[in-house]
Amino acid sequence: GRYCDQPKMFPGVAHFHTVRVNQPSGKYYTSKFLLELCELWEKHGSGLTNMHGSTGDIVFLGTTTDHLEPLFYDLTHELNQDLGGSGSNLRTPSACLGKSRCQFACYDSQEACFQMTNEYQDELHRPAFPYKFKFKFDGCPNGCVASIARSDMSVIGTWRDDIRIDQDAVKAYVGGELPPNAGAHKDRDWGKFDIVKEVINLCPTECMAWDGKKLEINNRECTRCMHCLNVMPRASGSVLT
């Protein structure tokens, strides 16, 4: 809730409540659903939205007290969508795209998020904690939902075994046959790929070595930061088992 302390002087913002809406798992939408959300908010609020807040929720910015209950009714009965968590309770759990799209996902982050949301549904709507509490589910250490920075309980997927390296693919990257970063930086000529400069020397624990023919990794020293996998996904993409 937001109230202006000078409502007579500023009647337009006498009330300016914020409403959190539980985001779809992995933040997947249809254009129809987005249109329905916008129409709902035009009817009950300011029309201003935040896609998304740091919790993950869709955030509706600015409505008055008399619209809160009608908005909640329309949201749940017409759109079949739930409110997000707010205040001193469990905030809406959120997850990355996970196995639905990402080759790096080490577990089904969307399923885990779905199960935890259902398990703790009461805590989302009935403040039970002295302060807000957040779950976030990252499918791998790349942390696309920033679970460490933006949650109290961070769930991060990683692999169980040692890194497996496709040495032929490593040579293909070094030789220029495969584009680094899966071709994501092909907008300009960055020069020849330098595995020592762009991978080996950027390893935070210096656990990697390249002798010109073979890539070696000291698995005991690896912190699984994902940098080498991001730069050379074909060379080490099979590690996620």
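The values are calculated or read from the model by the stated rules, or taken from the named source; none is laboratory data. Note that this is a predicted model, so its numbers are computed, not measured. Glycine gets a Cβ as well: all are built from the backbone with ideal geometry, and neighbour counts include every protein chain shown. With ligands, DNA and RNA removed, areas are computed over all heavy atoms of the protein, side chains included. Shrake-Rupley method; radii C 1.70, N 1.55, O 1.52, S 1.80 Å.
Looking at Asp162, Asp187, can you tell me which residue is open to solvent by 20 Å² or more (accessible area, probe 1.4 Å) and without any contact (Cβ under 8 Å) to a residue 12 or more places away in the chain? It would help to see each step written out before you state the result.
Working: Asp162 fails: without any contact (Cβ under 8 Å) to a residue 12 or more places away in the chain.
When all the criteria are applied, what remains is Asp187.
Can you tell me which of Leu124, Leu75, Leu79 is surrounded by 15 or more Cβ atoms within 10 Å (Cβ to Cβ) and assigned by the TED database to the domain that holds Tyr28? Step through it out loud before you land on a result.
Numbers: Leu124 fails: assigned by the TED database to the domain that holds Tyr28; Leu79 fails: surrounded by 15 or more Cβ atoms within 10 Å (Cβ to Cβ).
Residue meeting the stated conditions: Leu75.
Got a sec? Which of Gly26, Gly12 is among the small types (Gly, Ala, Ser), out of contact with any Pro (no Cβ under 7 Å at 6 or more places or on another chain), in a helix (DSSP H, G or I) and open to solvent by 50 Å² or more (accessible area, probe 1.4 Å)? I'd like the intermediate steps shown before the answer.
Values: Gly26 fails: open to solvent by 50 Å² or more (accessible area, probe 1.4 Å).
Checking each option against the conditions leaves just Gly12.
What number of residues within region 139-160 are at pLDDT below 90 and in contact with a helix residue (DSSP H, G or I) (Cβ under 8 Å, 6 or more places away or on another chain)?
1
Any chance you could count how many residues in region 166-178 are surrounded by 15 or more Cβ atoms within 10 Å (Cβ to Cβ) and assigned to a loop (DSSP other than H, G, I, E, B)? Break it down stepwise before answering.
Kept after step one, since they are surrounded by 15 or more Cβ atoms within 10 Å (Cβ to Cβ), are these residues of region 166-178: 166, 169-174, 178.
Those still in the list that are assigned to a loop (DSSP other than H, G, I, E, B) too: 166, 178.
Final tally of qualifying residues: 2.
Please work out if Asn219 is assigned to a helix (DSSP H, G or I) and within 24 Å of Gly139 (Cβ to Cβ).
no
What do you reckon, is Val231 within 21 Å of Gln103 (Cβ to Cβ), modelled with pLDDT of 90 or more and open to solvent by less than 50 Å² (accessible area, probe 1.4 Å)?
yes
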